[in-house]
Amino acid sequence: MNNTESDKEEDNLQPSSTTSQVFNDSVRSQEETKETEETKQQVNRSTDSYCPPQGSLNRTITDGVALLVLWVLLWSLIGQEVLPGGNLFGLVVIFYSAFLGGKVLEVVRIPVVPPLPPLLGMLLAGFTIRNVPIIYEFVHIPTTWSSALRNTALTIILIRAGLGLDPQALKHMKGVCLRLSFGPCLIEACSAAFFSHFIMNFPWQWGFLLGFVLGAVSPAVVVPSMLLLQENGYGIEKGIPTLLVAASSMDDVAAITGFNTFLSIVFSSGSVMSNVLSSLRDVLIGVLVGIVMGIFVQYFPSGDQEKLIQRRAFLVLSMCISAVLGCQHIGLHGAGGLVTLVMSFMAAKKWAKEKVGIQKIVANTWNVFQPLLFGLVGTEVSVESLESKAIGTCIATLGLALSVRILATFTLMSYANFRFKEKVFIALSWIPKATVQAVLGPLALETARVMAPHLEGYSKDVMTVAFLAILITAPNGALLIGILGPKILQRADMTGPLEVAITSDFQHN
């Protein structure tokens, strides 16, 4: 019996000893794995300086050689275009200068001050290229290239606006959202027309054209600032970030439509009534074509195809860019933007899950065109052509119109369920200008150069006001939102489902 009991005790102890042995072996293997990984990292660090080079040095040399080979290939195909003074060379210089300018502004951070928008660095990079004669004599961009690139950038902005509109958010706050979308834009356009007529001696039609250039708020500044507040829980109980994100897209649409209307009036020889009717025709055509194209992209490509998100993103981008450039070519200036907005909005309603992936691809496309857009705008402004009197009148017109916009926004929000401080915050958050001004400001100048050179003086003043509006309101607006938001808005614990949906839409703005 004793032997039997001892055997049982040994059998009972054996599993525990086996378990401990397995545990020790696993710990030992993990330690060996860690030692192996550390050894590999040390070897990689030590081999960075060996010959031949490894690691990051090797990647840098590889990328540099690839770019050099690509440049040589382009030089062999198109010749002087890639050399200093060529069109492609100038475009590359502007792109990389603007890209670096934006990165510098991202890196330079002041501890107490919120981050400034990178587009300001891109704008200043283009401005520097234009006003440094040694550089600018080698940088030449054809007007047709510049116009096509800006129209493409505008198309991407409208695609993102259409994809980002949330029908549930609009339905939930439709009254307030509509007032905030159209009211301040229209009131600022009218006030800018009034002030520019008496201060800058603009004709009324040029005054309204300038007003709609200024009337658009910049989603590139407002949306990231709102998302930062939303992530920290500020203002989400009353849906303030959601309201401003949704209204910023519609505000841009109102400004672009008004600008296209008065652009056709200014550069047309017909009567005012015929120009208004032609603008309404463009709007009707744009909406109808956008609906048809929106229904098409809802079902093509079908859901059973491979790489569905990439196919849909490519189809939307190609169709919208073709619509905008094609409408510009045949004279339907106001239709292309509406086609883009309506089509992307209808497509987003059907896609649901795939929408976020498509927005990421569109956002990556915007990351390419954003430096080109703001770099090209900066190169349009020459210090030599600016007069001190013109700068003074431009700043006075801009300041007065902006003051009217702030008061109008505060008044329109008085009928909503917001506290006094929240209404002040919304009014001050509605002043940043950048993206649409960068597209529309040069467009008037290019149109005048082609169709009516005697009107180039007015168009240069419009361009100057647009440049100053970006330079003054974009950084100051971002600072006001970042500083006042945490102090004025109430803070909640977590975001609701409505805010989360819009956050995912605009995360990559």
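Values quoted throughout were computed directly from the atomic coordinates according to the rules given, and no laboratory measurement underlies them. Everything numeric here is computed off the predicted structure, so don't read it as measured data. Cβ placement follows ideal geometry from the backbone for every residue including glycine, while neighbour counts extend to all protein chains displayed.
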Simple spin-label model, 7 Å along Cα-to-Cβ: residue 364 to residue 51 in nm? 3.9 nm
With R₀ set to 56 angstrom, the calculated FRET efficiency between the beta-carbons of residue 288 and residue 383, to the nearest 0.05, is 0.75
What does the convex hull of the alpha-carbon atoms of the range 272-427 project to on average, in nm²? 14.5 nm²
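Can you tell me what the convex hull of the Cα atoms of the range 206-253 projects to on average, as an area in nm²?
Average projection, Cα convex hull of the range 206-253: 3.5 nm².
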Grab the alpha carbons of the range 84-506, take their convex hull, and tell me the volume per residue in Å³. 144 Å³
Subtract the Cα-Cα distance of residue 421 and residue 314 from 0.36 nm times their separation in residues, and report this length gain in nm to one decimal. 34.1 nm
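How large is the Rg to Rh ratio of the range 401-502 when both quantities use alpha carbon positions and Rh follows Kirkwood?
1.13
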Please compute the length gained on full extension between residue 305 and residue 96, using 0.36 nm multiplied by the number of residues separating them and subtracting their Cα-Cα distance. 71.5 nm
Return the long-range amide H neighbours of residue 234 (sequence gap of 5 or more, or a different chain), with a cut-off of under 5 Å between placed amide H atoms. 492
Could you list 447, 409 so that the one with the fewest beta carbons within 10 Å of its beta carbon is first and the one with the most is last? 447, 409
